[in-house]
Structure formats: structure tokens, C-alpha cells
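*Asks:* Got a structure for you, written out below as C-alpha cells; questions coming shortly.
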Amino acid sequence: MSENKRASFGGKLSVILVAAGSAIGLGALWRFPYIAGKHGGAAFLLVFLLSVLVVGIPAMLAEFAIGRKTRKNAVGAFREISKRWSWLGYSGVLCALFISGYYYLIAGWSLEYLVSSATGLLYNSSLPFTEQFNEFQGSYRPLIYGIIFILMTYFIVSRGVEKGIEKASNVMMPMLFVILVVMAVRVAFMPGAMDGYRFFLSCDFAEAFKPETIMMAIGQAFFSLSVGMGCMVTYASYFKKDNNMVSTSLNVSLLTLAVSVLAGLVIFPAVFSAGLEPTEGPSLVFVTLPEIFKGMPLPSLWSAIFFLLVILASLTSTISFHEVLTAYTAEEFKLSRKGGALVTTGISIALSAVTFFGLFGVDFFTLFDNVTANMLMPLGAMFTCVFVMWFMKKGFMREEITNNGECNNRVVGVLLFMLRFITPLLIFYIFIKNFL
Ligand code: PFF
């Protein structure tokens, strides 16, 4: 596609909502509260905040700069600047494939729960929620709902950048904030909510500053901000030339942090109020929360609202990694946009089926999750920083993020210093330390 014909996102707010839509998803609503609860509560929050500031934001800016400069898909973008670095784009595409292998399936669980809440089945059944969850997992429905989720994503992505992605994010993101705030206020009035706040916000610094925990926080920052895998390169290829990318990255990060904290403030008080254990991952949201809604007036309604929230947040994220693959296949293999989206959809369905049926007894959920968040994304981000600061022509990053000096301020100097030295070295250090 030529420079003039290439689509672009509209105004400043749209750009923020689209990028925040990618960032805010299962990572903030599902992954963050559980990891924070397990690794030091508020102290983890502090380490997460530092990770976002020191590694997340600079790396996001590096991706923005590459994407907007080249206006190409992840692979095309790196290749246009330097053929020797195109592998970084491929690493992003690989990462998007791995994420496609499990993310749709988990997102699909919320579809099942929305349907069973809205029809009343979830609350009228005589089976306990754990057994309902196990029964669901033992059926073919997770795969079916996963495929429906992929098709919903396809529907939006194939409509194009402005009519599909931008429009969807502009409607869904504000809805998500409203629902989340209503939920946070609602749980605050539940008996025993205080214990939840205490659990989530108690500080355990010894736990939070272990290298393993710092790696988790960095991994969470990358996963949650969708950085380290070419997603922001792809989205920034649709930014307008005058977008203030420093302010965009700060806004997106702030919104992601706010939603992560809000999610914790919804889930933990609710879990404690029902006298349940803040247990790991899937069960935290899908088994314990229905237990809580059951004790409230109009359980089906609250429950349906909550799962709708998870669906909206997940959908704006699935759109973004689908777009990484769609832009790549369409541009690199000279297909139409619809064609690229179709190929991506087919591959996503195949990968989800592999994860669902499990091959050779491998747990693909955990494997894909760990390999992406704790390996590919941090390394991808580290090399992207090294690339823009050490291999690009001097001044490239400064020119890009200040729009050739138009929006210069003091933060820029600090960000450039971090990008050159601190961010890559810190990722490298923690990565090595975690493996030794
Ligand atoms: N940031 C998304 C979330 O937190 O759920 C996940 C994600 C989306 C990761 C897009 C990577 C990506 F490219």
C-alpha cells in the first residue's frame, strides 16, 4: 500500500483508545490481580509501576517510532530500516502466533459465562461452580466459543482500520471503564471487603524485590502494554505524523495501570467477602466470582455485566494481535486485507485447536504464556531498544518522538537516556539473573 493510501487512525483520543484497547485485556483483568496477590501485593504493584516506567514506556516509544516512520507491518518495518534486523519483526509475528494459540480460548470462556449468566443457567444449576467449570472444560464448548471469538475478531479486523478497529475501540473502551467503576463501587459495600483490600494492598517487599518477581513484573508490563512483539509497531504505522507519541505512550500506560489496579480492587474484596481463597488464574475469575454474584441481588445481571466487560476488554486486545498477523500476511504476501485477515483467522483456529486438544500431553496454555510474556516479549523489547538507539542513525529517536523538535520537553531527554542505557541493560540483567 502506498504511503498516501494507507489507512490511519483519526484524532488524538482515538489513538489513545485504540492503543489502550490493545493493552487492556486479560492481562490487566485476569493475569495482574492473581500475580500481584501472589507476589507481594502492593509491593508488587510498586515493582510493576517501576517496570512500566523504566522498561514499558521507553520500549513502547521505540516501537511507535519504527512503526510510524516506516508505515509497514512488523516484519516489513524492521526490514525497511535494516535487512539484518528483520528477524526482530519475525520474532513479533511468532509471538503473535503463540498468543493466538491460547488467548482466544480463555477469552471464549467469558462468552460461555455471559450466555449462561444471561440465560440464568449458571445460577439455576444444582452443580457447584467448580463442577460447572470442570464440566465446561471437559466439553467441546471451550473450543467452539474460542472459534466464535476468533470470528468476532475477524469480523472487526476485516472491516479495516478506521471502520473496524477504531470504531470498536472508541465504543468499547469507555464502556469498559464505566462497568469497571460500577463494579468497584458495588464490591466496596460487600461485607468482608476490607480483608480483600488488606490482602491486595499489603506490602511484602522481601517478596516483591526477588529477581524472579521483578522478572514477573517486567513480563507483566510487556504483556499488559502489548510491547515487545511488533504490536505497537503495527498500530503506530496507522498513526498520523503529528501524533505526540510521548503523550500517547504515557496515557496508554496510565490507563493500563489504572485498570489493573481497579481489577484488583474488584476481584479481591469480592473473593474475600465470599470467604473464598484468592487462588490462581482461571478459577479466580470463573469459579470464585459467580460464587460472589450468587450472594447479591440480581446475580445473573451482575454476572452478565462482568463477563461482558471481560469480553469487551479481550476483544480490543485480540483485534490487535490479529492485526499484527493480518498486516503481515496481507502486505508481505500481497494479499487483500480481507485475504490476510482470513488466513490469520484460519491459522488462529488451527492453533487454538492444537492447544485445546493438547498434543503429546503438553500444556500449551502455560507454555505459550511463559514463552511469550517471560521470554520473547522482554527480549524483543530489549533488542528493539538496542536497535533504535545504537544502530539507527544518531538522532533518529529524538526526531521521531519530538516530531522533529515540535513537541520537545524535558521528559524526552530522560526517556532517551533510559532507552539507550537503562532499559536494555535492566532487561538483560534481570533476564540473566532469573535464569542462573
Ligand atoms: N495486552 C493484552 C492484555 O493484556 O490482555 C495482551 C496482548 C495484546 C499482548 C496484544 C500482546 C499483543 F500484541
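The values are calculated or read from the model by the stated rules, or taken from the named source; none is laboratory data. Just so it is clear, the model here is predicted, and its values are computed rather than measured. No Cβ is skipped: glycine too gets one built from the backbone with ideal geometry, and neighbour counts run over all protein chains shown.
*Asks:* With of a type in the set (D, E, K, R), touching a His at 6+ places or on another chain (Cβ under 9 Å) and surrounded by fewer than 24 Cβ atoms within 10 Å (Cβ to Cβ) as the only criterion, which of LYS210, LYS240 stands out?
*Replies:* Exactly one residue qualifies, and that residue is LYS210.
*Asks:* Just to be sure I understand the filter: pairs with C-beta atoms under 7 Å, separated by 6 or more residues or on different chains, first member in region 302-325 and touching a residue at least 24 places away in the same chain (Cβ under 8 Å) and more than 10 Å from the ligand (Cβ to nearest atom), second member of a type outside the set (Phe, Trp, Tyr) and outside any helix (DSSP H, G or I). Which pairs pass?
*Replies:* What qualifies is TRP302/MET296.
*Asks:* I've got another one for you. Taking the options SER303, SER247, name whichever one is over 30 Å from ILE150 (Cβ atoms), under 23 Å from the mean Cα position of the chain (by Cα) and polar (S, T, N, Q).
*Replies:* Only one candidate passes the filter, namely SER247.
*Asks:* Working carefully through the options LYS163, LYS210, LYS167, find the one that is under 14 Å from LEU315 (Cβ atoms) and among the charged types (D, E, K, R).
*Replies:* None of the other options fit; the residue is LYS167.
Yes/no matrix, rows are residues, columns are (1) away from the ligand (no atom under 16 Å from the Cβ); (2) closer than 22 Å to ILE267 by Cβ; (3) touching a strand residue (DSSP E or B) at 6+ places or on another chain (Cβ under 6 Å); (4) small (Gly, Ala, Ser):
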{"residue": "PRO142", "(1), (2), (3), (4)": "yes, yes, no, no"}
{"residue": "ILE148", "(1), (2), (3), (4)": "yes, no, no, no"}
{"residue": "LEU180", "(1), (2), (3), (4)": "no, yes, no, no"}
{"residue": "MET183", "(1), (2), (3), (4)": "yes, yes, no, no"}
{"residue": "VAL187", "(1), (2), (3), (4)": "yes, yes, no, no"}
{"residue": "GLY196", "(1), (2), (3), (4)": "yes, yes, no, yes"}
{"residue": "GLN220", "(1), (2), (3), (4)": "no, yes, no, no"}
{"residue": "LEU225", "(1), (2), (3), (4)": "no, yes, no, no"}
{"residue": "MET229", "(1), (2), (3), (4)": "no, no, no, no"}
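*Asks:* Just name the residue that is farthest from the chain's Cα centre (by Cα) out of those in region 163-191 that are in contact (Cβ under 8 Å) with a residue 60 or more places away in the chain and closer than 25 Å to ILE349 by Cα.
*Replies:* Filtering region 163-191 for residues that are in contact (Cβ under 8 Å) with a residue 60 or more places away in the chain and closer than 25 Å to ILE349 by Cα, the one farthest from the chain's Cα centre (by Cα) comes out as GLY164.
*Asks:* Moving on. Check every one of the helices (runs of 4 or more DSSP H) wholly within region 56-157 and list those with 2 or more residues that are closer than 30 Å to LEU416 by Cβ and either out of contact with any helix residue (DSSP H, G or I) (no Cβ under 9 Å at 6 or more places or on another chain) or modelled with pLDDT of 95 or more (or both).
*Replies:* Result: 57-70, 74-81, 86-118.
*Asks:* Which pairs do you get when a residue that is under 16 Å from PHE428 (Cα atoms) and in contact (Cβ under 8 Å) with a residue 24 or more places away in the chain, found in region 355-380, comes within reach of a residue that is within 13 Å of the ligand (Cβ to nearest atom) and outside any helix (DSSP H, G or I), reach meaning Cβ atoms under 6 angstrom, with the pair 6+ apart or on two chains?
*Replies:* Qualifying pairs under 6 Å: MET377/GLY228; MET377/MET229; GLY380/GLY228; GLY380/MET229.
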